[in-house]
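J.: One structure, pasted below without further comment.
The values are calculated or read from the model by the stated rules, or taken from the named source; none is laboratory data. The structure presented is a predicted model; accordingly, all values stated were derived computationally and were not measured. Positions of Cβ are backbone-derived with ideal geometry, glycine not excepted, and every protein chain shown enters the neighbour counts. Surface areas here come from the heavy atoms of the whole protein model, side chains and all, with no ligands, DNA or RNA. Shrake-Rupley method; radii C 1.70, N 1.55, O 1.52, S 1.80 Å.
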Amino acid sequence: GQRKYNEAIAEFQLAIKQQPNFAEAHLDLGNLYMLRSTLMETNELGLAVDSYRKALDLRKGIYPLAHENLAIALSKQGKKDEAYAEYR
């Protein structure tokens, strides 16, 4: 449960600390935050959004999966207009 998520998040944070430009680690960290927020109601969608935006910044905006996941996270936050912009 919660402990496994904490361990996984710590591993991704360590990977990012060691290699800050690792866009995939930012994407996966965002996925963990969104999953945990959805399943355990941890209210970490903001952290997911930040992680996806960092992944997009590192890829100069060209990272379709990060755009899609960002749109999902924004939708879950009720930010429909922002989410729609990411889908486009």
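J.: Please identify, among Asn31, Asn21, Asn69, the residue showing maximal mean-square fluctuation in a Gaussian network model of the chain using a 10 angstrom Cα cutoff.
T.: It is Asn21.
J.: Okay, next question. Can you list the GluC sites (Glu not before Pro) in the chain that are in a DSSP coil and have 13 or fewer other beta carbons within 10 angstrom?
T.: Here the sparse-neighbourhood loop sites are Glu41.
J.: For Lys76, which aspartates and glutamates qualify as cross-link partners when the Cα separation must be under 16 Å and same-chain residues fewer than eight apart are set aside?
T.: Within the straight-line cut-off, Lys76 pairs with Glu41, Glu44, Asp50, Glu68, Glu86.
J.: Okay, moving on. Using Cα-Cα distances under 8 Å and only pairs 6 or more residues apart, what relative contact order does the chain have, in percent?
T.: For the chain, the relative contact order is 21 percent.
J.: Oh, and also: Does the chain come out rounded, prolate or oblate by the C-alpha gyration tensor, with a ≥ b ≥ c the root eigenvalues, rounded set by a/c under 1.5 and, if not, prolate when a/b is larger than b/c and oblate if not? Before the final figure, lay out each step's value.
T.: Details: a/c = 2.76, a/b = 1.15, b/c = 2.40.
Cα axes put the chain in the oblate bin.
J.: What are the ³J(HN,Hα) values, in whole Hz, obtained from phi via the Karplus relation 6.51 cos²θ - 1.76 cosθ + 1.60 with θ = phi - 60°, for each residue of the range 25-39 in sequence order, with x given for Gly and Pro?
T.: Working through the residues one at a time gives 5, 5, 4, 5, 4, x, 4, 5, 4, 5, 5, 5, 5, 6, 7 Hz.
J.: Could I ask something else about it? Tally up the carbon and sulfur contribution to the accessible surface of the chain as a whole percent, 1.4 Å probe, everything protein left in place.
T.: Carbon and sulfur: 52 percent of the exposed surface of the chain.
J.: So, one more: Can you compute the helix-only [θ] at 222 nm over the chain? Use -39500 (n - 2.57) per DSSP H run of at least 4 residues, normalise by all residues, nearest 500 deg cm²/dmol. Walk me through the intermediate numbers first.
T.: Numbers: 5 runs with 70 residues, N = 88.
Taken over the chain, the calculation gives -25500 deg cm²/dmol.
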